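Notes follow the structure.
The values are calculated or read from the model by the stated rules, or taken from the named source; none is laboratory data. Computed from a prediction, not measured in an experiment: that's the story for all the values here. Here Cβ is always computed from backbone atoms with ideal geometry, including for glycine, and neighbour counts include all displayed protein chains.
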Ligand SMILES: [Zn+2]
């Protein structure tokens, strides 16, 4: 609990939920869920700003394509140098080993890596198979001409596949009711983040409130803000923490409340993040 190189949220939701057998597997995202994410992101951005400006000002499509491939390679190398070889990442490897957890990673974009934690070897096999399927789906989608998808689905087209979403949900131990609804909504273009936000707001208007335990992980969206199956997982982790680690359950409860608040304000959170990213891009380009 003292090690500041891992976020409390990641300790509870990812490491300890698997360690205490609440879920068979969990994942967090690098660099976003590292304590020095801003600093690392800025470092990588800075080293790529000239390449980015060149791409933005290149009109020739073929040349532009080649420049993009080169930039991806460069980001890959910077990711290795600044993230995978960092003390912060070493802390993750150390604690995974110490807690008897296996680790499997998948790069979903040049600068975004998902890190999965689990105990059982078979989970690792299922994950590797899933990573393979994800690559195949992406390849198929990118080869289609004139495809019109919202940006979020162009970035993560595998979310259109109900089979992919269901298998991942099952590996992560998410309740079936929630996975089913999420998969159906994603495949039919429904904005899931908007749906959960509206459900919470409607509950409050009716004088009711969500069950914080249903929001056991920040990577998860329950089918309903009072889903009992989801709440069982949150309660199980909360109780395990209370029994084994003094003071940890109170900290976890604060995180649960934060998860509810994020879900309630999803549309606003996403909008302000987009504005931040856009202004950051403008800054980078302007100073080149
Ligand atoms: Zn549910």
Checking the structure you have, find out if any residue of the stretch 187-200 is under 23 Å from residue 104 (Cβ atoms), within 14 Å of the ligand (Cβ to nearest atom), surrounded by fewer than 21 Cβ atoms within 10 Å (Cβ to Cβ) and more than 16 Å from the chain's Cα centre (by Cα). no
All-but-one check, residue 86 against (1) crowded, with 16+ Cβ neighbours inside 10 Å; (2) at positive phi, failing number (2)
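Just to be sure before I move on: is residue 170 in contact with a strand residue (DSSP E or B) (Cβ under 9 Å, 6 or more places away or on another chain) and modelled with pLDDT of 95 or more in the structure I sent?
On the way: in contact with a strand residue (DSSP E or B) (Cβ under 9 Å, 6 or more places away or on another chain): no; modelled with pLDDT of 95 or more: yes.
The answer is no for residue 170.
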* To do: Assess whether residue 180 counts as being within 12 Å of the ligand (Cβ to nearest atom) and in contact with a helix residue (DSSP H, G or I) (Cβ under 8 Å, 6 or more places away or on another chain).
  => yes
Flagged in the stretch 88-104 as without any contact (Cβ under 8 Å) to a residue 12 or more places away in the chain and in contact with a strand residue (DSSP E or B) (Cβ under 9 Å, 6 or more places away or on another chain), in numbering order, are 93, 97
Residue hits (the stretch 12-28; surrounded by 17 or more Cβ atoms within 10 Å (Cβ to Cβ) and out of contact with any helix residue (DSSP H, G or I) (no Cβ under 8 Å at 6 or more places or on another chain)) are 14, 18, 19
Inside the stretch 220-246, the number of residues satisfying the requirement of being in contact (Cβ under 8 Å) with a residue 24 or more places away in the chain, more than 16 Å from the ligand (Cβ to nearest atom) and in a loop (DSSP other than H, G, I, E, B) is 1
Requested in this report: Could you tell me whether residue 210 is in contact (Cβ under 8 Å) with a residue 12 or more places away in the chain, buried (at least 18 other Cβ atoms within 10 Å of the Cβ), near the ligand (Cβ under 10 Å from one of its atoms) and not in a helix (DSSP H, G or I)?
Outcome: no
Going through the stretch 219-259 in order, the residues found to be surrounded by fewer than 20 Cβ atoms within 10 Å (Cβ to Cβ) and within 17 Å of residue 195 (Cβ to Cβ) are 219, 224, 226
